[in-house]
Each structure stands twice: as C-alpha cells, then as structure tokens.
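The values are calculated or read from the model by the stated rules, or taken from the named source; none is laboratory data. What you see is a predicted model; the values in this text were computed from it and never measured. Just so you know, the surface numbers come from the protein's heavy atoms only, side chains and all, with ligands and any DNA or RNA stripped out. Shrake-Rupley method; radii C 1.70, N 1.55, O 1.52, S 1.80 Å.
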Amino acid sequence: MTHNLLGPDPTLLPEHTAAQAALDSGTDPSAVAAEHPDFSEAWAVLAERSLAGGETVAAYAYARTGYHRGLDQLRRAGWKGFGPVPWSHRPNQGFLRALAALGIAAGRIGETEEHERCRTFLADSDPAAAEATGLK
C-alpha cells in the first residue's frame with residue numbers, strides 16, 4: 001500500500017499479544033472472544049466459520065461485533081472516519097476481516113446497501129484487504 005502524502009497517516013491498531021497467541025495456538029475462538037471481547041480477529045474467525053457453515057445470521061452477528069469493536073479501537077488510535085487501515089499490519093486484519101464478513105453476510109440476507117457500504121469501506125481502507133478477503 002502506498003501512502004498518500006496529502007491524506008491522513010495510516011492507522012495501525014495496537015498489538016493484542018495474549019489474544020493473538022491464544023488464537024494462534026488453536027484455542028477455540030469462542031473462548032478467545034469471551035476472554036478478550038475487544039479482539040476483533042476472534043469475532044472475525046467466528047463469522048468466517050459461520051459463513052462457511054451456512055449460518056448467515058450468526059455470521060452477521062459475529063461480524064458486526066468484531067466490526068464495532070474494531071471501530072472503537074481505530075478511533076482510539078486516532079482514525080477520524082477515513083484514511084488507510086493497512087492490511088499488512090496484522091492487528092488491523094481482525095477488523096478488516098470482520099468488515100468483509102459483515103459485507104458478505106449482509107449480501108446473503110439481501111441487505112444490499114450494507115453489503116455495498118462494507119465493500120467500499122474495505123477497498124478504501126486498503127485494496128489488499130479486499131483482495132485478501134474476497135470482498136471486492
């Protein structure tokens with residue numbers, strides 16, 4: 001991702017070391033989300049699993065939770081509602097994955113405006129995120 005020198009600086013979420021280590025070691029994402037409810041990646045994993053299992057409404061709920069937790073963290077990190085959120089920064093990926101899952105779930109339940117809003121938000125955050133998650 002190239003940075004626009006006239007635009008805002010990229011927003012980088014802080015590391016969530018304990019939660020990340022738990023998830024990476026194979027701890028059930030439900031347990032990780034229960035212990036670390038502000039860790040968007042656990043919610044994103046739950047949403048992605050639900051999407052894969054055909055549980056669209058559950059996926060929507062998990063994804064919305066991860067999305068809102070991520071928005072809170074972005075704002076605390078100085079994000080003003082626009083600007084790059086780089087996919088290459090691992091702590092950002094949980095939020096971006098939750099956003100993509102929300103868009104996919106919204107599309108599946110016919111919520112077209114929400115699907116498009118998520119798709120645009122993801123691409124505006126970082127085109128690499130749209131590519132990585134498949135929400136283009």
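Rounded to the nearest 10 Å², what accessible area does TRP87 have for a 1.4 Å probe in the complete protein model? Using a 1.4 Å probe on the heavy atoms, I get roughly 50 Å².
Remark: accessible surface ordering of ASP124, ASP72 (largest first) is ASP124, ASP72, probe radius 1.4 Å. Accessible area per residue for the chain, computed on protein heavy atoms with a 1.4 Å probe, is 51 Å². Per-residue extension of 0.36 nm, minus the Cα-Cα distance of LYS80 and ALA31, leaves a gain of 14.5 nm for this segment. Residues TYR62, TYR67, ordered by accessible area of protein heavy atoms at a 1.4 angstrom probe radius and largest first, appear as TYR62, TYR67. Taking the protein heavy atoms of the chain in the context of the full set of protein chains, the accessible area attributed to carbon and sulfur is 53 percent at 1.4 Å.
Once the Cα-Cα distance is subtracted from the 0.36 nm per residue extended length, the LEU6 to GLU116 segment shows a gain of 37.0 nm. Using every pair of separate Cα atoms, the Kirkwood estimate puts the hydrodynamic radius of the stretch 80-135 at 11.0 angstrom. The gain in end-to-end length when the LEU71 to ILE109 segment is fully stretched comes to 11.4 nm, 0.36 nm per residue minus the alpha carbon separation.
Against the set (i) 17.5; (ii) 14.7; (iii) 16.5, the structure's computed Kirkwood radius over Cα pairs in Å falls on (ii).
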